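The values are calculated or read from the model by the stated rules, or taken from the named source; none is laboratory data. Small disclaimer: the values here were computed from a predicted structure and weren't measured. Note: ideal-geometry Cβ built from the backbone for every residue, glycine included; neighbour counts use all protein chains shown. Remember, those area values only see protein heavy atoms, side chains included, never the ligands or the DNA or RNA. Shrake-Rupley method; radii C 1.70, N 1.55, O 1.52, S 1.80 Å.
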Amino acid sequence: MSATATIDGGSAAASRAGPNPWLIAVLVALAAFMEVLDTTIANVALRYIAGSLGVGQDEASWVVTTYLVANAVALTASSYLARYFGRKAYFLGCLSVFTASSVLCGFAWNLNALLFFRILQGLGGGGMVPLAQSILADAFPPEKRGQGFALFGVALVVAPVVGPTLGGWLSDNLSWHWAFLINGPVGLLAVGSIAMLLGTPRNEAEGCKTFRREGMSFDLVGFVLVATFLGSLEIVLDRGLIDDWFSSTFIIKTAAVCAFAFVLMIPWEVTRRNPMVDVKLLASRQLGACFIVMAAFGTVLYATTQFLPLLVQEDFGYTATWAGLVLSPGGVITMLMMFVVGRLSGKIQPRYLIATGGAIAALSMYDLTNVGPNLDFWFFADTRMILGVGLPLIFIPITTASYDGLAPDKIDQASALMNVARNTGGSIGVALASNVLAHREQFHQARLVESVIPSSESYQHTMQQVTQFFMDQGSSALEAKQQAFAWIAKTVGAQASYLAYIDVFWTLTLVSLAIVPLALAMRKVSLGGAAPVAH
């Protein structure tokens, strides 16, 4: 038996005889919640950070980029480091670094210091989520993994929703520093509790020693190539719209580095005996389909979480708090559905649950294509609640299905790959929605302006009515005419914005629908407690 198999097999048997797996699930879900929360909590605080540190909004946006890049780099090495140090030791190390750097971010004295601490925070956080999933996979027997992943799924799906609301409230009422300082006490609690309760089975400790003694070398070249590929991809996706995509020399060079690293990465990793990332796993029908579906899941989750609050703030005048509350009913439904789906996942084939979830998510996105003026709070909340039903039907079964048929020593690799898929899919979703929104709004604005013909009877009639309205409010004839011009321009701009958002939601509808055939292409998995057979 290999060293890694000894680690995984031994830890699995021992962990199920140890502390209550539900207690372990709560603790690792809490840690994962903090990490995922920090992918979105800083977004709404950027203008406060820029003002406080005396930098521009564009410079402050690197606070988000550096975290995402460091997170992607850490994900690359998480599988090897977990086998080398042991899951508990590595998880606690990541959590400690994340907590300490979060506090340091809150005390940052200038932008350079903040960016440095955000890099440390991303490096610490990058290993937490895949390790949390691996710990859960070992803590629960196969027939109950779906229920364990349900609690974990609440953290991963609800955290991006809570992030903008919490970050906005803290920045508005306290200061942006608390968007980072809040992780301090929660992180200390998690570190102490996990250190006491999560044991290190004897077989795992012996397996780690054997792993190191057998000289399983660190794939340094593979690490550099994968980290360069993922890091540069995150930079291109996060900075592309800000820097006007390929009109920017910086984006062109970064994209070239990304492509070059990818071309070298594939043959190198495929031919290694102990690759940094086992890309051959993605060639399997099951994990390959799971990887694509998880990327689509991340696309829909992160794009809607970022752009639905933006829509209601910019076009409907909602405050940051009310924009966050639009997402809240969906978050409640998501939490409830996680536990429902957790039970269903042991009785119904994952591919059917995932296909149903994709169809429901598509229905939610299609409903949002009806966006326009005079919509109330509950229109947006209702669409989010529909999405809250669909997302758990995707997340829990896809997490369970991704481990089916894997050898024990491949679980960490599969976990890292699935987290890369979710994070990269999220970045692609935000970049895709941003690009569609920006370019389609310009397109619709130009088409609408072309249709505004001053000599037309309808234009003159509208102009007269609006001018008369402002005169009735006390404006002079000249002032009323100027106000009427401004009102028409604003109306055209608002209509262009609605049409652009409709294009965004149509795009996300198609992404959601793509999940259905991918899910049905997956194979059946063992249910009812039978352990999956590696093949």
With a 1.4 Å probe and all protein chains kept in place, how much accessible area does VAL263 have, in Å² rounded to the nearest 10? 100
List the lysines whose Cα lies under 26 Å from the Cα of LYS144, skipping any in the same chain that are fewer than 8 positions away. LYS88, LYS347, LYS410, LYS524
Pairwise over distinct Cα atoms, reciprocal of the mean inverse distance: report the Kirkwood radius of segment 251-380 in Å, one decimal place. 18.5
Out of the total accessible area of the chain (probe 1.4 Å, heavy atoms of protein only), what percent is carbon and sulfur? 66
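Which FRET efficiency value, to the nearest 0.05, is calculated for MET463 and ASN374 with the Förster distance at 22 angstrom and r the Cβ-Cβ distance? Mind dumping the intermediate values first?
Values: r = 22 Å, r/R0 = 1.02.
Here the calculated transfer efficiency is 0.45.
How charged is the neighbourhood of MET265? Take every other residue with its Cβ under 14 Å from the Cβ of MET265, and add Lys/Arg as +1 and Asp/Glu as -1. Provide the component values of the computation, followed by the final result.
Values: positive: ARG272, LYS280; negative: ASP219, GLU269, ASP278.
Taking every other residue near MET265 into account, the sum is -1.
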Pop a pseudo-label 7 angstrom from the Cα along the beta-carbon direction at both SER175 and ARG273 and give the gap in nm to one decimal. 5.6
Hypothetical label at VAL492: residues of segment 435-450 whose amide nitrogen lies under 19 Å (7 Å Cα-Cβ projection): 438-450
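Would you please put 150-161, 128-139 in order of how densely packed they are, using the mean number of other Cβ atoms within 10 angstrom per residue and starting with the highest?
Sorting 150-161, 128-139 by mean packing, highest first, produces 128-139, 150-161.
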Please state the Cα pair-distance histogram of segment 308-459 with 10 angstrom bins from zero: what percent is in each bin? 9, 27, 32, 18, 9, 4, 1, 0
Using only alpha carbons, build the gyration tensor for segment 80-162 and give me the equivalent ellipsoid semi-axes, biggest first, whole Å. 29, 17, 8
Using the charge dipole of segment 233-392 (Lys, Arg: +1 at Cβ; Asp, Glu: -1 at Cβ; taken about the Cα centre), state which of THR299, ALA283, ASN374 has its Cα farthest towards the positive end. ALA283
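At 222 nm, what value in deg cm²/dmol follows for the chain if DSSP H runs of at least 4 each add -39500 (n - 2.57) and the sum is divided by all its residues, to the nearest 500? Please report the intermediate quantities before stating the final value.
Values: 21 runs with 421 residues, N = 535.
One gets -27000 deg cm²/dmol as the mean residue ellipticity at 222 nm.
Hey, what D do you get for segment 286-359 in µm²/s if you plug the Kirkwood alpha-carbon radius into Stokes-Einstein at 10 °C and 1.306 mPa s? Spell out each step's value before the answer.
On the way: Rh = 14.4 Å.
The diffusion coefficient I find is 111 µm²/s.
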List the lysines whose Cα sits under 29 Å from the Cα of LYS481, skipping any in the same chain fewer than 8 residues away. LYS490
Listed peptides 324-335, 102-113 by packing density, highest first (mean Cβ within 10 Å): 324-335, 102-113
If packing is taken as the average number of other Cβ atoms within 10 Å across a peptide's residues, how do 360-372, 303-315 rank, most packed first? 303-315, 360-372
Would you mind computing Rg(Cα) / (2.2 N^0.38 Å) for segment 31-72, counting N as its residues? 1.21
For segment 379-428, compute Rg over Rh where Rg is the Cα radius of gyration and Rh is the Kirkwood radius from the inverse mean 1/r over Cα pairs. 1.13
With every protein chain in place, the accessible area of TRP169 for a 1.4 Å probe, in Å² rounded to the nearest 10, comes to 120
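For LEU310 and VAL263 in one chain, what is 0.36 nm times their gap in residues minus the Cα-Cα distance, to one decimal in nm?
Values: separation 47, 0.36 × 47 = 16.92 nm, distance 3.70 nm.
Stretched fully, the LEU310-VAL263 segment lengthens by 13.2 nm.
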Taking the Cβ-Cβ separation of ALA283 and ALA446 as r and a Förster radius of 35 Å, what is the calculated FRET efficiency to the nearest 0.05? 0.15
Estimated FRET transfer efficiency when R0 is 25 angstrom, pair VAL221-PHE116 (beta carbons, to 0.05): 0.40
According to the Kirkwood expression over distinct Cα-Cα pairs, how big is the hydrodynamic radius of the chain, in Å? 24.4
Suppose each label sits 7 Å from its Cα in the direction of the beta carbon; what would the THR319-SER96 distance come out to in nanometres? 4.2
